[in-house]
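Undergrad: Encoded as structure tokens, here's the structure I'll be asking about.
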Amino acid sequence: QVQLVESGGGLVQPGGSLRLSCAASGSIFRFYTMGWYRQAPGKQRELVAGATSGGILNYADSVKGRFTISRDNAKNTVYLEMTSLKPEDTAVYYCKLSQLAIDYWGQGTQVTVSS
């Protein structure tokens with residue numbers, strides 16, 4: 001089993017920044033992908049950014065140039081640095097770890113961008 005613990009969400013003004021963290025523990029193998037998804041009220045969950053164990057990164061078009069994903073493989077932790085936040089970034093952000101064709105999800109952390 002794999003457990004994911006997210007932290008770093010909160011309330012921020014438009015134009016502000018936040019950093020999310022997701023620490024994985026349990027039965028983690030060498031090769032896995034970690035990523036961040038978000039779900040706004042009334043909308044489907046969508047990919048924000050992903051990072052493979054080989055260092056390949058991908059981003060949703062809506063966050064390119066504003067968000068940066070990184071991972072610390074020694075700590076099994078993935079980060080999401082969010083800058084120039086907009087009200088439309090408001091959502092519950094979820095961390096996901098994928099390995100051996102199985103997806104594991106965190107409990108989610110709320111990010112609210114509002115003045």
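Undergrad: Considering only Tyr79, Tyr104, Tyr37, give the residue with the highest GNM mean-square fluctuation for the chain, with springs between Cα atoms whenever their separation is below 10 Å.
TA: With Cα springs under 10 Å in the chain, the top fluctuation among Tyr79, Tyr104, Tyr37 is at Tyr104.
Undergrad: Need one number: nm distance between label points at Thr112 and Ser27, each 7 Å from Cα along Cα→Cβ, rounded to one decimal.
TA: Here the modelled spin labels are 3.9 nm apart.
Undergrad: With springs only between Cα atoms under 10 Å apart, run a GNM on the chain and tell me which of Arg71, Arg30, Arg19 wobbles the most.
TA: Arg30
Undergrad: Take the chain, compute every pairwise Cα distance, and split them into 10 Å bins from 0; I just need the percent in each bin.
TA: Once binned at 10 Å, the Cα pair distances of the chain give 15, 50, 28, 6, 0.
Undergrad: Please compute the modelled spin-label separation between Glu81 and Arg45, points set 7 Å along Cα→Cβ, answer in nm with one decimal.
TA: 2.7
Undergrad: Taking N as the number of residues in the stretch 31-72, what is its Cα Rg relative to 2.2 N^0.38 Å?
TA: Scaled against compact globular proteins, the figure is 1.22.
Undergrad: Per-residue accessible area for Glu46 at 1.4 Å probe radius, Å² rounded to 10?
TA: 80
Undergrad: When the chain is fully extended, how far beyond the present Cα-Cα distance does Ser70 get from Gln13, taking 0.36 nm per residue of separation?
TA: Values: separation 57, 0.36 × 57 = 20.52 nm, distance 2.35 nm.
Result: 18.2 nm gained on full extension.
The values are calculated or read from the model by the stated rules, or taken from the named source; none is laboratory data. The structure displayed is predicted, hence computed values, not measured ones. In this analysis, Cβ positions are derived from the backbone assuming ideal geometry, glycine residues included, and neighbour counts consider all displayed protein chains. Side chains included, ligands, DNA and RNA excluded: accessible areas come from the protein's heavy atoms. Shrake-Rupley method; radii C 1.70, N 1.55, O 1.52, S 1.80 Å.
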